Amino acid sequence: MSGEEGTERAGPGRPMPEDHAAARIKLEREVRGWSTVKLAEEMAAAGHPINQSAIWRIESGKPRRRVNLDEALGFCQVFDITMQDLTGPPGELATPRIRELAQTYVQMTLEYRQLRAAIDRNQMHLHEIQMELDAYGDKGPEQRGQVDELLRLEERAAMRNLHPSQARRRNQGQPPADEQPAVAPPTALRTPRNP
């Protein structure tokens, strides 16, 4: 459908779902931070070409341009929503506060997953190091003593790099409240073993 046909068919007598679709298209585009140009590119990539000025006229034209079936299917595909979602009333989704909350929630969830993955990688690496230190310590009391001493030296060096008041407390033999040691010795080396 050309832009002229869309404009001719737009008007006060058009069905309410088309107004809902226009509002939902704008909402979905803005939630993703896309411009009308970016949305036009995504539509073309999905096999439903539409130019950015047509998207603007659908969202904000006076009167709004109508959406044909091929375009509606394309918007559903690009936004990963159903036709019912596209044509249903946007309701509370359209309020700026709800959009802001949804965006923040998704952003923080992604950050949490990235941090969680980094923690998991860190734990795996620590476990590998611990196994190597344990294997070295298992060779005899001298090696175990070397590892224990190295861990103490490294921990002291790490403590000196912390806040001066915290380091001063540690130097006096008092760990700061609610704080665990920066370096925990490997489990096999924490308790002395009988030879």
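How many residues does region 30-41 hold that are outside any helix (DSSP H, G or I) and in contact with a Phe, Trp or Tyr (Cβ under 7 Å, 6 or more places away or on another chain)?
So the count comes out to 0.
For M83, only one of the following conditions fails: (1) more than 22 Å from the chain's Cα centre (by Cα); (2) under 26 Å from R29 (Cβ atoms); (3) surrounded by 15 or more Cβ atoms within 10 Å (Cβ to Cβ). What is its number?
(3)
Conditions (1) of a type in the set (A, V, I, L, M, F, W, C); (2) under 25 Å from the mean Cα position of the chain (by Cα); (3) at pLDDT 90 or above, marked per residue:
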| site | (1), (2), (3) |
| --- | --- |
| G91 | no, no, no |
| I98 | yes, yes, no |
| A117 | yes, yes, yes |
| L162 | yes, no, no |
| Q166 | no, no, no |
| G173 | no, no, no |
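Any idea which of (1) modelled with pLDDT of 95 or more; (2) closer than 30 Å to R32 by Cβ is the one Q123 doesn't satisfy?
Unmet for Q123, out of (1) modelled with pLDDT of 95 or more; (2) closer than 30 Å to R32 by Cβ: (2).
Name the residues in region 42-60 that are open to solvent by 20 Å² or more (accessible area, probe 1.4 Å), assigned to a helix (DSSP H, G or I) and under 18 Å from I81 (Cα atoms), would you?
Of everything in region 42-60, those that are open to solvent by 20 Å² or more (accessible area, probe 1.4 Å), assigned to a helix (DSSP H, G or I) and under 18 Å from I81 (Cα atoms) turn out to be E42, A44, A45.
What residue, among those in region 1-41 that are hydrophobic (A, V, I, L, M, F, W, C), closer than 16 Å to G74 by Cβ and modelled with pLDDT of 85 or more, is most open to solvent (accessible area, probe 1.4 Å)? Steps first, answer last, please.
Kept after step one, since they are hydrophobic (A, V, I, L, M, F, W, C), are these residues of region 1-41: 1, 10, 16, 21-23, 25, 27, 31, 34, 37, 39-40.
Next cut, closer than 16 Å to G74 by Cβ only: 1, 21-22, 25, 34, 37, 39-40.
Subset that is modelled with pLDDT of 85 or more: 21-22, 25, 34, 37, 39-40.
Details: A21: 6, A22: 2, I25: 1, W34: 49, V37: 70, L39: 0, A40: 14 Å².
Result: V37.
The values are calculated or read from the model by the stated rules, or taken from the named source; none is laboratory data. On a predicted model such as this, the values are computed, not experimentally measured, just so you know. Backbone-built Cβ (ideal geometry, glycine too); neighbour counts: all protein chains shown. Just so you know, the surface numbers come from the protein's heavy atoms only, side chains and all, with ligands and any DNA or RNA stripped out. Shrake-Rupley method; radii C 1.70, N 1.55, O 1.52, S 1.80 Å.
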